[in-house]
Amino acid sequence: MAQSAGFVEMREYDLVVGGIGKFLAAYREHGYQIQRLHLGEPVGWYTTEVGELNQVVHLWRYPSFEDRAERRTRLFEDPDWLGYVAMTTPLIIAQRSRIMYELHLQS
């Protein structure tokens, strides 16, 4: 199995009970366009229905760690993003980030 160049980052957020609606509304109105400007289009955004509830999961593709660091630095230099973060932080109980490498099963 060959490993592809680049990787996908999976970010998981555990939210307060009842917080998903508020979190997603804030993201749609204040966060999405800013994040997209700096990080590009996400691979996807998801919420949980079975298992651990009150979670939001999103995936981002990067060609390298250097590219990820540069993009995220620009994101956190944006005052509008910092305002969004301040708005949603009270809704977040915990967060995790995982780096996943895509495997190609055929040669």
Task: Subset of region 47-67 (residues that are closer than 25 Å to Asp78 by Cα and either part of a strand (DSSP E or B) or among the aromatic types (Phe, Trp, Tyr) (or both)) - done: Val56, Val57, His58, Leu59, Trp60, Arg61, Tyr62, Phe65
TODO: Only residues in region 54-67 that are at positive phi count as the first member; pair them with residues that are of a type outside the set (Asp, Glu) and assigned to a loop (DSSP other than H, G, I, E, B), Cβ under 9 angstrom, at least 6 apart or cross-chain, and list the lot.
DONE: Asn54/Val16; Asn54/Val17; Asn54/Gly18; Asn54/Gly19; Asn54/Thr48
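Restricting attention to region 77-95, and to residues there that are within 16 Å of Arg11 (Cα to Cα) and surrounded by 11 or more Cβ atoms within 10 Å (Cβ to Cβ), which single residue is nearest to the chain's Cα centre (by Cα)? Before the answer, list the steps.
Of the residues in region 77-95, the ones within 16 Å of Arg11 (Cα to Cα) are 85, 88-89, 91-95.
Right, trim to surrounded by 11 or more Cβ atoms within 10 Å (Cβ to Cβ) and you get 85, 88, 91-93, 95.
Details: Val85: 12, Thr88: 13, Leu91: 15, Ile92: 13, Ile93: 15, Gln95: 10 Å.
Across region 77-95, the extreme among qualifying residues is Gln95.
Of all residues in region 59-107, count the ones that are of a type in the set (S, T, N, Q) and under 25 Å from Phe23 (Cα atoms).
Total meeting the criteria: 5.
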Task: Where Val56 falls short, out of the listed (1) closer than 18 Å to Glu102 by Cβ; (2) aliphatic (A, V, I, L, M); (3) modelled with pLDDT of 95 or more - done: (1)
Open item on the list: For a quick check of your reading of the model, give me the residue pairs whose first member lies in region 70-92 and is under 10 Å from Ile34 (Cβ atoms), whose second is of a type in the set (Gly, Ala, Ser), with beta-carbon atoms closer than 6 Å and at least 6 apart or on different chains.
Closed with: Tyr84/Gly31
Open item on the list: Looking at region 1-9, can you tell me whether even one residue there is modelled with pLDDT of 95 or more, exposed (fewer than 12 other Cβ atoms within 10 Å of the Cβ) and assigned to a loop (DSSP other than H, G, I, E, B)?
Closed with: no
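The values are calculated or read from the model by the stated rules, or taken from the named source; none is laboratory data. Fair warning: this is a prediction, and the values are worked out from it, not measured in the lab. Every residue, glycine among them, receives a Cβ derived from its backbone with ideal geometry; neighbour counts consider all protein chains shown.
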